[in-house]
Each structure stands twice: as structure tokens, then as C-alpha cells.
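One structure is given here, and the rest of the page talks about it.
The values are calculated or read from the model by the stated rules, or taken from the named source; none is laboratory data. Keep in mind that this is a model prediction, so the values were computed, not measured. Ideal geometry is used to build each Cβ from the backbone, glycine not excepted, and the neighbour counts take in all protein chains shown. Note: areas computed on protein heavy atoms with side chains; ligands, DNA, RNA excluded. Shrake-Rupley method; radii C 1.70, N 1.55, O 1.52, S 1.80 Å.
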Amino acid sequence: SGADLYKISVREFKRHVTAIAEMVKPKPMLVFEYLKQIKEGEKAHCPLFLTFDDGGAGAYVYIADILESFGCRGHFFVTTNYIGKQSFLTKDQIRSLEKRGHAIGTHSCSHPVRMSCLTTGELIKEWSESVDVLSDIIGEKVSMASVPGGYFSKKVAQAASCAGMKALFTSEPVMKSYSVDA
């Protein structure tokens with residue numbers, strides 16, 4: 001499948017996390033810790049965020065345990081139409097990840113092929129409905145998202161903001177964040 005491009009073996013993933021733990025100081029953090037530092041006026045270093053899209057079962061079965069063994073937590077972005085389907089996270093696994101200190105965010109309802117081509121109404125529906133599902137599962141408002149396929153546009157960001165997103169991840173490797181007016 002097209003997602004295979006992004007998959008590596010468990011052994012290789014452990015090697016990557018080991019290298020990150022050895023070379024990155026301070027260790028990776030969660031986006032809301034970073035935003036809190038900025039809001040409180042602390043001098044915030046350029047953080048490293050560990051993010052995992054789609055909501056595959058490997059997040060629970062492998063990734064979370066490996067991250068935790070290094071004292072790290074990750075951001076898990078879930079495509080809600082796939083919750084409970086074969087090879088995807090269940091509601092109980094999502095709840096468990098959140099209770100273990102990992103951040104849960106939306107990756108939309110349906111994972112559109114080109115999110116940036118949707119109408120504003122379709123975008124708001126994708127973000128809002130997926131936020132409602134995930135918020136119900138974890139018992140608190142979900143306010144972060146990752147753009148499916150990385151097809152970012154200002155319209156995608158504005159719709160995410162309308163749906164209550166405070167942090168939006170893309171596939172663009174960048175060294176700083178940006179604010180988008182809703």
C-alpha cells in the first residue's frame with residue numbers, strides 16, 4: 001500500500017529512538033508542553049515532536065512501549081472512520097495511550113486523498129466530527145490535528161481552527177511554527 005513507504009521494522013524503529021535519545025537534548029516533548037512554555041514567556045528551545053499518523057494498531061502494540069522505555073511520549077493522530085477496524089486502534093487502546101501520557105489528535109474522519117481540495121464545509125466536517133469521536137473516547141476535548149497526506153493549505157488550517165484545533169501538524173519539515181488566523 002502507499003503507506004508502506006512510511007513503515008519500518010520494530011528493530012529499526014528501536015534503533016531510531018535510541019539514536020534520538022542519545023543525540024537530542026532535551027528529549028522530545030509534547031506540543032502542548034511547548035505551547036505552555038511560550039505562553040508563560042519561558043525561553044523555549046526548538047523542540048522535537050514525535051508524531052504518528054493514521055491510528056494503526058502498531059501505535060499501541062509497539063511504538064508506545066518503545067517511546068516510554070526512553071522516557072518519551074508521542075503524538076498519535078487517529079483517522080476516526082478506521083477505529084476498531086483490522087490493524088487499527090480500538091477505543092480502549094486510544095484511551096490507554098492517552099492515560100499513559102501520549103497525546104491523541106485527529107487525522108480526520110476519512111483520510112481524504114487531497115484534504116486541500118475539499119470545500120470549507122467538508123473540511124470543517126472532517127475535523128469537527130473526528131474531534132467529537134476522539135473527545136468522547138478520551139473524555140476531554142481533542143485540540144490537535146495532523147493533515148492527511150500533508151496536503152496543507154490556509155483553508156485546511158482555518159477549518160481546523162474553526163473545529164477547535166490549537167496545534168496542526170503537516171508533513172513539512174520545518175524549524176519553527178506559524179499561526180493562522182481563523
Single unsatisfied condition, residue 77 versus (1) out of contact with any helix residue (DSSP H, G or I) (no Cβ under 8 Å at 6 or more places or on another chain); (2) without any contact (Cβ under 8 Å) to a residue 40 or more places away in the chain: (2)
Scan of the stretch 122-137 for residues that are of a type in the set (A, V, I, L, M) and either open to solvent by less than 20 Å² (accessible area, probe 1.4 Å) or free of Cβ contacts under 8 Å to residues at least 24 places away in the same chain (or both), ordered by number: 123, 131, 134, 137
How about the stretch 7-35: which of its residues are more than 16 Å from residue 75 (Cα to Cα) and not aliphatic (A, V, I, L, M)? 7, 9, 11, 12, 14, 15, 16, 18, 22, 25, 26
Which one is farthest from residue 54 (Cα to Cα) among residues in the stretch 69-88 that are small (Gly, Ala, Ser), assigned to a loop (DSSP other than H, G, I, E, B) and open to solvent by 10 Å² or more (accessible area, probe 1.4 Å)? 71
Members of the stretch 141-155 found to be farther than 13 Å from residue 115 by Cα and open to solvent by 10 Å² or more (accessible area, probe 1.4 Å), listed by number: 141, 143
Please go through the stretch 31-85 and pick out each residue that is polar (S, T, N, Q) and farther than 18 Å from residue 134 by Cα. 37, 69
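Taking the conditions exactly as written (open to solvent by 50 Å² or more (accessible area, probe 1.4 Å), modelled with pLDDT under 95 and aliphatic (A, V, I, L, M)), does residue 5 satisfy them or not?
Taking the combined requirement at face value, the residue satisfies it.
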Would you be able to say whether some residue in the stretch 156-164 is within 13 Å of residue 78 (Cα to Cα), of a type outside the set (D, E, K, R) and either open to solvent by 50 Å² or more (accessible area, probe 1.4 Å) or assigned to a loop (DSSP other than H, G, I, E, B) (or both)? no
Of the residues in the stretch 23-54, those that are open to solvent by 70 Å² or more (accessible area, probe 1.4 Å), within 30 Å of residue 81 (Cβ to Cβ) and either part of a loop (DSSP other than H, G, I, E, B) or in contact with a strand residue (DSSP E or B) (Cβ under 9 Å, 6 or more places away or on another chain) (or both) come to 32
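For every residue, the table says whether it meets (1) β-branched (Val, Ile, Thr); (2) open to solvent by less than 30 Å² (accessible area, probe 1.4 Å).
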residue	(1), (2)
90	yes, no
100	no, no
106	yes, yes
109	no, yes
117	no, no
120	yes, no
State all residues of the stretch 58-68 that are touching a residue at least 12 places away in the same chain (Cβ under 8 Å) and surrounded by fewer than 15 Cβ atoms within 10 Å (Cβ to Cβ); if no residue qualifies, say none. 68
